[in-house]
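Shown next, in structure tokens, is the structure this report addresses.
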Amino acid sequence: MSTRQDSECERIWELLPDFAVGRGSARARASIQCHLDSCPACAREVRALERTSELLNRTPAEPAPDLWDAIRPNLATRKAPAGAGRLRWWFARHRLQSAIAGMAAAIAIAALLVTSPQTPPEVEAQTYFSGHAAMSWREPFADKAGLGLAGFAPVEGQTEHVE
Amino acid sequence: MDKVAECELVQRAKVGDVPAFEALYRQYNDRIYNFAKQVTGSAEDACDVAQETFIRAWDSLPRLRSDGTFGVWLHRIALNLSSDVLKKRGRQHAADLDGLQDGLGEPCHARLEGNAPNPERAVISTEVQDAVCRAVDSLSADHRLVVTMHHMEGMDIESIAGVLGVPRGTVMSRLSRAREILRRKLVPYVEEDQR
């Protein structure tokens, strides 16, 4: 191996640990990869680093003793928060009940709308005449203007309201 | 357990559902215990820290804003409690984990009885596992923590950065250096001509 190659390998070796964990810019990584393709020694070093990771991944963490029996008595019962948070707390705690209540309310409203009595025609007519009278009070043509029917000017002398 | 299921458990635990919290405890107990052990260097302290971590988590859970960050948040509690233990012990300033001495506590290969091996992991022999554990134990605390969290607990870089309160690049850098050190210490197991 030439001296030039040695110095290049030294430079690459400095970068290999980062390269093995996926660090570095795409350009730097491409440059390292290019070197690895032509340098068996550096490629072997990368494989050793990868093998180290593999060994670490396969080494299990120690199982902890079961502490639940010691923890459980220390868990205080949650109290419902005050104010606006109380409603949220209740809905979060009673999620299923909330869903059922919501569905029941929706069904009740729908049933109410379907079964509510229709307004009789005579009541509708009475409502129309009441509105007409109210709008034309002191102004006989004001109701037509209000309804967009005004196409003519009021005749002089007819604007006076007759008590 | 996927993230959605975990968030669901966190939401239920927030409003006082103890079985949901127990499920979270079962999910995280090993990780929190091992994490605390790596920081404190003691199995006994790790037990105390893990227990207190879950009790505090229960008390503070209603104040956790993002349910998806439960794991990181739990590790943060454990880290603070472990730092308190170190402070009480007077070995070093709690915030300075970097200087934790090598081989402070029990080796990680002091496995508990009844540890059912993962079939995938059982491929490597006990001898190799012991060698890996010894090598990990010999790392400095900051290196040991990232190696344990990333390789043994399977935490991603982002989560580790969140727990330790350091940038992502710092975690990557520590991981990279730790692996480099371990690669030197594990020559018989990682070099091709040695295997």
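No lab work stands behind these numbers, since they all come straight from the coordinates. Please read these numbers as outputs of a predicted model, since none were measured by experiment. When we count neighbours, we look across all protein chains shown, and the Cβ atoms used for this are built from the backbone with ideal geometry, even at glycine.
When the scattering of segment A:3-58 is computed by the Debye formula from its Cα atoms alone, each counted once and equally, what is log10 I(q)/I(0) at q = 0.21 Å⁻¹?
-0.76
Roughly speaking, what is the stretch gain from A:ALA70 to A:THR115, that is 0.36 nm per residue apart minus the C-alpha to C-alpha distance, in nm to one decimal?
My answer for the length gained is 10.3 nm.
³J(HN,Hα) across segment A:12-18 via Karplus (A = 6.51, B = -1.76, C = 1.60, θ = phi - 60°), whole Hz, x for Gly/Pro?
5, 4, 4, 8, 4, x, 5
Output the relative contact order of segment B:1-97, whole-number percent, from Cα pairs under 8 angstrom with separation of 6+ residues. Walk me through the numbers before you get to the answer.
On the way: 86 pairs, mean separation 27.4, N = 97.
Once normalised by length, the contact order is 28 percent.
How far, in nm, would the chain grow between A:ALA26 and A:ALA108 when pulled straight, counting 0.36 nm per residue and subtracting the alpha carbon separation?
23.3 nm
What is the set of long-range amide H partners of B:GLY16 at a cut-off below 5 Å, with H atoms built 1.01 Å from backbone N?
Amide H neighbours of B:GLY16: none.
What is the spread of the Cα atoms of segment B:1-97 along each of their three principal axes, largest first, in whole Å?
40, 22, 20
Among the listed pairs B:LYS14/B:LYS87; B:LYS3/B:LYS37; B:LYS37/B:LYS88, which are separated by more than 24 Å between their Cα atoms?
B:LYS14/B:LYS87; B:LYS3/B:LYS37
Average partner chain C-beta neighbours within 10 Å, per residue of B:181-188?
3
What order, most packed first, do the peptides B:23-29, B:3-9, B:181-187, A:105-111 have when packing is the mean number of other Cβ atoms within 10 Å of each residue?
Ranked from most to least packed, the peptides come out as B:23-29, B:181-187, B:3-9, A:105-111.
Averaged over its residues, how many other protein chain Cβ atoms are within 10 Å of peptide B:46-56's Cβ atoms?
Details: counts 3, 4, 2, 0, 5, 6, 3, 2, 7, 8, 1.
What the average comes to for B:46-56 is 4.
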